[in-house]
1. For the chain, give the magnitude of the charge dipole about the Cα centre (Cβ charges: +1 Lys/Arg, -1 Asp/Glu; no others), in debye to the nearest 20.
2. Round to a whole angstrom and tell me the spacing of the C-alpha centers of region 1-62 and region 130-167.
3. So what's the net charge close to residue 133: Lys and Arg +1, Asp and Glu -1, counting the other residues with Cβ under 14 Å from its Cβ?
4. Positive end of the dipole of the chain, charges at C-beta (+1 Lys, Arg; -1 Asp, Glu), about the Cα centre: which of 53, 180, 119 has its Cα farthest in that direction?
5. Which of these values of Cα Rg over 2.2 N^0.38 Å was calculated from the structure shown: [x] 1.27; [y] 1.19; [z] 1.66?
6. With +1 on the Cβ of every Lys and Arg and -1 on the Cβ of every Asp and Glu, and nothing else charged, how large is the dipole of region 76-186 about its Cα centre, in debye rounded to the nearest 20?
7. Stretch residue 152-residue 84 to full length: gain in nm at 0.36 nm per residue minus the Cα-Cα span?
8. Please enumerate, by chain and number, the lysines with C-alpha under 16 Å from the C-alpha of residue 107, excluding those fewer than 8 residues away in the same chain.
Amino acid sequence: MDDVQRRIIDLSAPLVRFFQWKRLIYNFLAYYVIVGLIFFLVYGWNFELQLTIMVLVIVYSFLKDFLMERQTQRVMKQQKTYLEQKYSQMKLYIPLLDRVGKTVLLKRAALFFTDQWLFLEAFNQRAFSATPKDSIKVPYGKGFTIQKIEIANDQKSIQFHATLMDQNYQFMTCYDTTLLEKINQLIPIKKGD
């Protein structure tokens, strides 16, 4: 099971990558135009000032994405460690992801398996804290059910349509055949189109 756990974390991490060249260039241009225009309106055209703004915007864009990516990796590791300490019977941790536009973010929730059961764990976690303070466990079938599973065309992720306390709850995980088989064994549902 350790191989499966390692593989799931290794497959989840690239989905949450913040550093993407297209987005970096787009953010750089947007930041530079806004900041550069403000300084142009206040101080007029100054080549050295515009060059300084350009360098600072590039550094800011790289640094922001780099720090966000490292924080996501830390949160994933801390969630797993927290669950292992809280539930000695935990066999498999599955980080939950959410797509916001084209960006994929790590949710403050996770799935985990014991020998026979599937649970959703919702973490009480501050915005910039890696370690959860507390959490709530919801067993599958009692307040948490999955209605539909859709595998992405690129077969890198699985989209889940679920209900949590009678509310729609969507999330995604990495695509892994072993994970998909484990979920399908516990959940008698139809796959999505």
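Where a number appears in this text, it was derived from the coordinates with a stated rule and is not lab data. On a predicted model such as this, the values are computed, not experimentally measured, just so you know. Here Cβ is always computed from backbone atoms with ideal geometry, including for glycine, and neighbour counts include all displayed protein chains.
1. Values: 25 positive and 17 negative charges, 43 e Å.
In total the dipole reaches around 200 debye.
2. After rounding, the separation between the Cα centres reads 31 Å.
3. Working: positive: 86, 108, 126; negative: 121, 134.
That works out to +1.
4. Working it through, the farthest residue towards the positive pole turns out to be 119.
5. [x]
6. Using Cβ point charges on Lys, Arg, Asp and Glu, region 76-186 gives about 340 debye.
7. Working: separation 68, 0.36 × 68 = 24.48 nm, distance 2.96 nm.
Going from the current span to full extension adds 21.5 nm.
8. Answer for residue 107, where 16 Å is the Cα cut-off: 77, 80, 133, 137, listed by chain and number.
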